[in-house]
Amino acid sequence: MAEDLNEEYDVVVVGTGLTECILSGVFGSEGKKVLNIDANSYYGGESASLNMFDMWKKFRWTEDQRRKEEERKKEIERLENEERESEEKRRAAAKAAGDDNYKAAPKAPRPEQVGPNPPEVFGKDARAWNQWHISLTPKFLMADGELTRILHQTGVTQYIDLLSVHGSFVVKKGVPSRVPSTRGQAVTSPLVSAMQKYYMQNFLQFIASYKEDDPTTHKKGLNLDQNTMKEAYEIFGLDAWTSEFIGHAMALYAEDSYLDKPAREPIERIILYVKSMARFGNSPYIFPLYGLGELPERFSFLSAVYGGTYALNTPLKEILYGDDGKVSGVRFPHPITKEDTVVKTKKVIADPTYFLGEENRIRKVGQLVRAICVLQHPVEGTDGAESAQIIIPASQMGRKNDIYISVLSSVFNVCPKGHYLASVSTMIENPDGGNPHSELEPGFERLGLASGRLGEKEEKFIQVVDLYEPIEDGTRDNVFISRSYDATTHFETCTDDVKDIYKRVEGKDLVIKERKEKVVEE
C-alpha cells in the first residue's frame, strides 16, 4: 500500500473479491493507473480465506463484540504511537545529558480482548490458528477453464501452487459414484443402466471428438443453435436420469432451466469438463495451496507490479459525479492518516455489497445457504479421497436446486493434519420457512453430520447469503457493479462476470496478452 495517493486514477476498484482483483490486475497490466480499496482488513471480500480466530470472530462473536474489538485495536495503536514518541524524546534527553543508566519506561496496560477465542482443539494461539486457511466461498477451478487460463496468461501462476482435486462424484440413491468422462468409464459406471451405457459412450465420443470447423465430427440431425439441450439428449437416446447427471455433474447446471435453451452452451460446458478431466485424470478441478484467498491477493500483487495502489481498511464513503451525470471521483478516509480524501476518476468498479439498500443500483436475485464444516474424517463413499466435489442432484431430494459439497484436507495446507474442511451449499427454496439450515440436511447426512451431530473436534459455520446483480450495465454513469458469487463449486460464472464487466467498461472483448517475465515479490 502506498502512503501517497495520486490525484487521479483511470479506474477505482472498490472491493478485493476475486472478480474485482482480476480486473485490477488486468487493467494494471494494460498500463492503466488503478486504485483498489476495501473496507475489510484482509484481501478477498466474500472470496477471502480466514484463519480460525477470524472465523470464530466472524461467526461466533456478536456485532457488539466485533465493534468493541475494533475500538480496542485503535486504542492499542494510539497507546503504541504515544509510547513510541515519548520513548524517543526520553532517549534523546538521556543521551544529551550523558545518562548511561537509561532504562525504557514500562508500557501501559493494554485493553483486554472482549470476544472469546476458538476452542483449544482448534489451536491455542495465533501460530496454531494461522494453520487454518478457510475459504468463505469454497469453489474449485476448472483445470482447463477460463480462470486457469487467465492465471497462466497474467503470470499469476508463478506465485501460487495449484493441486489437482482427487475426485468428482455424483450421488444416486444415496450412494456417491465417480462421474464418467470417457467411453471406458461409461462402460463401468454404476450411474447408468446397461441399456444407457451404449448411448452414453456414443455421447462422450461425440464430446471428445467435436470440432466446430469439422462437419465430420458433428452429430447428424443436431444443430447446436437451433435444437434445445433436451432435444440433444433425445437425439443421443439418453434417458431422464442420464441427462440429469450429465447436465448437473458435467455441464454443472444447478437446476433444469437450461434444457429449454439452445444446446451450444451446455455442450461447450461438457467439452470443458472433459478437457479439464483429461489434464489430471482424477477430476476436472484444481485448488490453490493455502486456500482461495491466495487468488485475489496475487492479482492485487500483479496490479501493484504495474504501479497500482491498494488500500485495506478503507471504506468507500461517496461516489462523486460531474454535471454530465458520470463519475468524477470517489471519497474515502485516507488509509494512513484517516483524513477525508478525494481522488479523481472516470470509472468505478465495485462489488454489490457496497450498494446495499440502493434499489436503483442492485436487485436481490435469491439466497443461498452455506455451511463450512470442520471434520476429522474423509467423506464416506469417496474411497478416502483427500479432496473431492460431490453433487447431489435435485431429483434425488425432491428439490429444484442441487446441493454442492466440496472437501479439502491438509494436503492443500488449509487445515492441520487430521482435519478436513467441507462446505455444503445450495439455493434456498423456502425463504419463508424460517429454517434455511434444514435445506442442507441431505448434504450433512453425506458428511456424517446429520441432525446436528458433531464430534468433539468438529464444527459448523453456517451463513445465509443474499445474492445480488446490477440493475444497469454501468455505461450511463460509469459505475460498474459485479455479481454475487453463486452456489456452484466452480469459478466459471465468476470469469463470465469478469469478461462481461471488462466489455462494459472498455467496449471491447477481454484479450489478455501472455506475460512471461517474472517479477520478484518484495
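The table that follows gives values for the structure above.
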read-out: In degrees, nearest ten, helix 18-29 long axis to first principal axis of the chain (Cα); value: 70 degrees
read-out: With Cα atoms, 0 to 90° folded angle of helix 240-249 axis to the chain main axis; value: 20 degrees
read-out: Distribution of pairwise C-alpha distances over the range 363-431, 5 Å bins, in %; value: 4, 16, 23, 20, 15, 11, 8, 3, 0
read-out: Dipole magnitude (debye, nearest 20) for the chain, charges at Cβ of Lys, Arg, Asp, Glu; value: 980 debye
read-out: Accessible area (Å², 1.4 Å probe, nearest 10) - LYS344; value: 120 Å²
read-out: Separation of alpha-carbon centers, the range 197-275 and the range 8-47, rounded to whole Å; value: 37 Å
read-out: log10 of Debye I(q)/I(0), alpha-carbon scatterers only, for the range 29-89 at 0.13, 0.16, 0.24 Å⁻¹; value: -0.60, -0.77, -1.05
read-out: Dipole of the range 142-190, positive direction: furthest Cα of THR148, HIS166, SER189, with charges on the beta-carbon; value: SER189
read-out: Fraction of beta bridges assigned by DSSP in the chain that are antiparallel (%, nearest 5); value: 75 percent
read-out: Pairs beyond 28 Å (Cα-Cα), from LYS74/LYS124; LYS275/LYS417; LYS220/LYS503; LYS58/LYS139; LYS317/LYS364; value: LYS275/LYS417; LYS220/LYS503
read-out: Test item: Cα-centred dipole of the range 186-294, Lys/Arg +1 and Asp/Glu -1 on Cβ, debye; value: 360 debye
read-out: Heavy-atom accessible area order for TYR290, TYR354, largest first, 1.4 Å probe; value: TYR290, TYR354
read-out: Volume of the Cα convex hull of the range 114-155, divided per residue and given in Å³; value: 141 Å³
read-out: Of ALA108, ALA208, THR426, farthest towards positive along the dipole that unit charges on Lys, Arg, Asp, Glu beta carbons give the chain; value: ALA208
read-out: Cα shape, the range 317-432, gyration tensor, a/c 1.5 rule; value: oblate
read-out: Heavy-atom accessible area order for LYS197, LYS107, largest first, 1.4 Å probe; value: LYS107, LYS197
read-out: Surface accessible to a 1.4 Å probe, LYS219 within the full protein complex, Å²; value: 70 Å²
read-out: Computed [θ] at 222 nm, deg cm²/dmol, the chain (DSSP H ≥ 4; -39,500 (n - 2.57); rounded to nearest 500); value: -9500 deg cm²/dmol
read-out: Fraction of accessible area attributable to carbon and sulfur, the chain (%, probe 1.4 Å); value: 47 percent
read-out: Volume per residue of the C-alpha convex hull in the range 278-327, rounded to whole Å³; value: 194 Å³
read-out: Å² of accessible area per residue within the chain, as computed with a 1.4 Å probe and no ligands counted; value: 47 Å²
read-out: Selection from PHE280, TYR310, TRP241, by position along the positive dipole direction of the range 224-335 (Cβ); value: TYR310
read-out: Candidate residues GLU20, GLU212: accessible-area rank, largest first, probe 1.4 Å; value: GLU212, GLU20
read-out: Cα-centred dipole magnitude for the range 28-94, charges only on beta-carbon of K, R (+1) and D, E (-1), debye, nearest 20; value: 40 debye
read-out: Note, ³J(HN,Hα) from phi for the range 288-295, Karplus 6.51, -1.76, 1.60, rounded to Hz, x at Gly and Pro; value: x, 4, 6, x, 5, x, 5, 5
read-out: Principal-axis tilt of helix 492-506 within the chain, Cα atoms, nearest 10 degrees; value: 60 degrees
read-out: 5 Å-binned pair-distance histogram of the range 144-242 (Cα, whole percent); value: 2, 11, 15, 16, 16, 15, 12, 9, 4, 0
read-out: Solvent accessible area, Å² - MET200, 1.4 Å probe, full protein context; value: 0 Å²
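The values are calculated or read from the model by the stated rules, or taken from the named source; none is laboratory data. Here the structure is a predicted model, which means the values were calculated and not measured. Note: ideal-geometry Cβ built from the backbone for every residue, glycine included; neighbour counts use all protein chains shown. Please note that ligands, DNA and RNA were not included when accessible areas were found on the heavy atoms of the full protein model with its side chains. Shrake-Rupley method; radii C 1.70, N 1.55, O 1.52, S 1.80 Å.
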